[in-house]
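To keep things clear, I will list the structure first and then write my remarks on it.
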Amino acid sequence: MVEAAGRVYLVGAGPGDPGLLTARALELIATAETILYDRLIPAAALDGARADAELLYVGKEGGGESVPQGQTEALMIARARAGRTVVRLKGGDPFVFGRGGEEALALRAAGVDFEIVPGVTAGVAALAYAGIPVTHRGLARAVAFVTGRTGDESELDWAALAAFPGTLVFYMGVGRLGRIAAALIEAGRSPQEAAAVVQDGTTPRQRTVRATLETIAEHVAAEQVGSPSITVVGPVAALAEHLAWTTARPLAGFSVAVTRARAQASGLAHSLRELGAEVVQAPAIRIEAIPGPPLDPSPYDLVCVTSANAADALFDRLAAGGRDARSLAGARIAAIGPGTARALRAHGIAADVIAERSVGEGLVEAVADEAVTHALIARARGGRDALPQALLARGAGVDLLDLYESVAAPLSAETVARVRAADYVTFTSSSTVRNLLGAIGDDARTESASGASGTDGRAGLSAHTRVVSIGPITSETLREHGVAVDVEAAAHDVEGILQALLADAAARVR
């Protein structure tokens, strides 16, 4: 069989809000074998990537190239020629100041098949999130998009721009804003015309500075506005005073690192974003199923499910033998907590017993009054022994069914750096502790060898970062690794982490 040639998809990821990713973009991210992504993609854009996808960072920082453009194009071509499905994921739209045209030409010259997937561009979306329409009846019937990153202001026709009868939108121009404003005024644009700059548009960090064309650069400098930013010049900029619709949310201004496996992190990450937090995805573990024979649950009168992952894996084992939820009708079902109960409910099972505390001891207490002769415990490899020992002490037969294991997932140096810069880092299991601290420790040792500093000795975590634990077992593991726990969830699940974060953040801003 001849392997099909690879294909490259130049995909626009939108301006920052992951909710603005198109359905086509999400579909391609979910199926791609290789994803090359830049700095300005939404933080959640890679959440739906395959577990085995090759993720390559090819971003550019501060106007310079951390990965040369030619190298990016060579990587796309090489992976496609190897027969892989490649997504080149770009912030905004590939064809709006995104060098997508250059990359498409390189692919065409190399004989590589490609497809363009447009994205929402920041020049429209960032302004919309700030309450600024780029066109408005009676104010602006046209809009011009202009790059503010030019080697020489003479490259632009300032007279034409000054005379343009509509809205001017400048990308990448905040560093040259004073010269841009002066050139427009000198060419005839009114110095009193409304202007605005929107930084980090559509993200929780978004902020807007409004002034006149004559004073906008002064205001932006005073507010220390940086990149990425969009500048708008025209009467529509004044509408922000009336049309601004985004409101401050309780976690706005805070960054939170999520260390769960990528497949399990989406719910927590989504809730954090809804609360206004900037989410740093740092999947320190990966969930791998443990192969095994089909499961016949008929011998058991009690089935204990110790995690949401175990619930999903349990039904995979049942399905392997042609069984479904009906095969559990003869057993009482116990779930270690509300999250596990929800996972069981998704498979058509309402748990008979739900532990109030999402730890083994909580499940021991929950099943204390259950009549049990033969129990099955569905769990992760290496799970704690509190529950099986308690059941054995009661004279019950106990079978341990190791359904999955948590394995270390590699983290890029960029991700580790973002974790160490975060306001909060959340740990949801002992395995996330061990693997993340291992990655951070390696990075910290590299810094130490190069003479850099910035950690307080807490296993490489920064002194300002507050550590959030899902519960006592995870907290114990953190302390064993020399890390003090700043916040521990009262309810040992995702909702508990959210409530703990909200309370701690509220105390910090008072």
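Tabulated data
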read-out: Beta bridge orientation in segment 288-406: antiparallel %, DSSP, nearest 5; value: 10
read-out: For Ile132, Ile470, order by how many other beta-carbon atoms lie within 10 Å, fewest first; value: Ile470, Ile132
read-out: Sorted by Cβ density within 10 Å, fewest first, the residues Met76, Met172; value: Met172, Met76
read-out: Positive-end residue of Val232, Leu75, Ala341, charge dipole of the chain with Cβ unit charges; value: Val232
read-out: Over 26 Å [Cα-Cα, segment 124-243], rounded percent; value: 9
read-out: Least to most buried among His374, His492 (fewest other Cβ within 10 Å first); value: His374, His492
read-out: Distance between segment 127-175 and segment 279-302 - C-alpha centres, whole angstrom; value: 54
read-out: Dipole magnitude of the chain about its Cα centre (Cβ charges: Lys, Arg +1; Asp, Glu -1), debye to nearest 20; value: 460
read-out: Rounded Å value of the spacing that divides the Cα centres of segment 488-510 and segment 36-105; value: 36
read-out: Table column - 3J(HN,Hα) (Hz), segment 154-162, Karplus curve with 6.51, -1.76, 1.60, x for Gly and Pro; value: 5, 5, 9, 8, 5, 4, 5, 5, 5
read-out: Share, in percent, of DSSP beta bridges within the chain that are antiparallel, nearest 5; value: 30
read-out: Antiparallel %, DSSP beta bridges [both residues in segment 124-243], to 5; value: 75
read-out: Longest segment of the chain lacking GluC sites (Glu not before Pro) that sit in a DSSP loop with at most 14 other Cβ atoms within 10 Å; value: 4-222
read-out: Extent along principal axes [Cα atoms of the chain; Å; largest to smallest]; value: 91, 66, 54
read-out: Other-chain or far-sequence residues with amide H under 5 Å of Glu488's (modelled H); value: Ser469
read-out: Rounded if a/c under 1.5, otherwise prolate or oblate - segment 308-409, Cα gyration tensor axes; value: rounded
read-out: Separation in nanometres of the label points that stand 7 Å from Cα toward Cβ, at Ala320 and Asp352; value: 2.6
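Any read-out appearing in this document is the output of simple, stated calculations on the displayed coordinates, not a laboratory observation. A quick note: this is a predicted structure, and the numbers were derived from the prediction, not measured. Glycine gets a Cβ as well: all are built from the backbone with ideal geometry, and neighbour counts include every protein chain shown.
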